[in-house]
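Visitor: Quick one: the structure is below, questions incoming.
Nothing in this text is a laboratory measurement; each read-out follows from the coordinates by a stated rule. Just so we're clear, the structure is a prediction, and the values are computed from it rather than from any experiment. Every residue, glycine as well, gets a Cβ built from its backbone with ideal geometry; the counts of neighbours run over all protein chains shown.
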Amino acid sequence: MSSMQRASETADLILNELAPLPTRVDSILEEGAPYPPEPPITDWRPKQKKFFAEGSRIEAAFRKYIHRASPKQKQDTYELFVCHGNVIRYFVCRALQFPVEGWLRMSLGNCSITWLVIRPNGNVSLRTLGDIGHLPQEKITFK
């Protein structure tokens with residue numbers, strides 16, 4: 001999970017509902033600006049150096065965590081990431097081999113669920129993107 005406070009608070013809520021799970025905090029999963037978006041956003045223009053620093057960190061997180069299982073693996077495994085919208089959108093673009101500059105064309109609500117399936121042969125599918133059906137109406141937010 002991300003080391004940012006809002007991710008930690010969300011993780012605590014999740015862990016209260018699930019069986020005890022091992023957790024790992026990793027600062028490379030923190031929110032950031034992964035890549036200059038196309039088309040550009042008129043009211044959000046981080047400095048180019050921010051994309052270089054944060055984008056490199058988020059790409060490192062993708063390479064660390066998103067990969068195919070060993071062909072010898074017999075059972076499915078699941079990884080739960082509690083992180084941030086920009087990181088998730090970037091991961092989805094990279095995993096599906098979409099142009100990364102399109103990461104901001106997807107909208108994710110806070111506390112939404114995104115589910116990527118990565119098979120041992122390298123095939124990737126997106127089962128769910130930004131699902132918020134588990135949240136009561138009054139808890140749905142986007143900022």
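Visitor: What's the FRET efficiency of residue 52 with residue 126 using the Cβ-Cβ distance as r and R₀ = 30 Å, to the nearest 0.05?
Guide: Once the sixth-power term is evaluated, E becomes 0.65.
Visitor: Would you work out the charge dipole size for the chain about its Cα centre, treating the Cβ of every Lys and Arg as +1 and the Cβ of every Asp and Glu as -1, and quote it to the nearest 20 debye?
Guide: 520 debye
Visitor: A follow-up question, please. Which of 120, 34, 22 ends up with the largest GNM mean-square fluctuation for the chain, with Cα atoms connected below 10 Å?
Guide: In the Gaussian network model the winner is 22.
Visitor: Okay, moving on. If you average the sequence gap of Cα pairs under 8 Å that are 6 or more apart and divide by the length of the chain, what percent do you get for the contact order?
Guide: Here the relative contact order equals 23 percent.
Visitor: Quick one: Karplus J couplings for the stretch 110-126, per residue in order, coefficients 6.51, -1.76, 1.60, θ = phi - 60°, nearest Hz, x for Gly and Pro?
Guide: Here the 3J(HN,Hα) series is 4, 6, 7, 10, 10, 10, 9, 10, 10, 8, x, 7, x, 5, 10, 9, 9 Hz.
Visitor: While we're here: Along the charge dipole of the chain, pointing to its positive end and built from +1/-1 on Cβ of Lys, Arg, Asp and Glu, which listed residue (1, 19, 61) has its Cα farthest out?
Guide: The residue sitting farthest along the positive end of the dipole is 61.
Visitor: Give me the one-decimal Kirkwood hydrodynamic radius in Å for the chain, with the sum taken over alpha-carbon pairs.
Guide: For the chain, the Kirkwood estimate is 16.3 Å.
Visitor: Which order do 106, 1 fall in if you start with the one that has the fewest other Cβ atoms within 10 Å?
Guide: Fewest to most other Cβ atoms nearby, the residues stand as 106, 1.
Visitor: Taking Rh as the Kirkwood radius computed over C-alpha pairs, what is the Stokes-Einstein D of the stretch 35-75 at 20 °C in a medium of viscosity 1.002 mPa s, expressed in µm² per second?
Guide: 168 µm²/s
Visitor: Output ³J(HN,Hα) for the stretch 78-84: one whole-Hz value per residue in order, computed from phi by the Karplus curve 6.51 cos²θ - 1.76 cosθ + 1.60 with θ = phi - 60°, and x for Gly and Pro.
Guide: 10, 10, 10, 10, 10, 9, 9
Visitor: Could you sort the peptides 69-77, 91-99, 47-55 by per-residue average Cβ neighbour count (10 Å cutoff), highest mean leading?
Guide: Highest to lowest by the protection proxy: 91-99, 47-55, 69-77.
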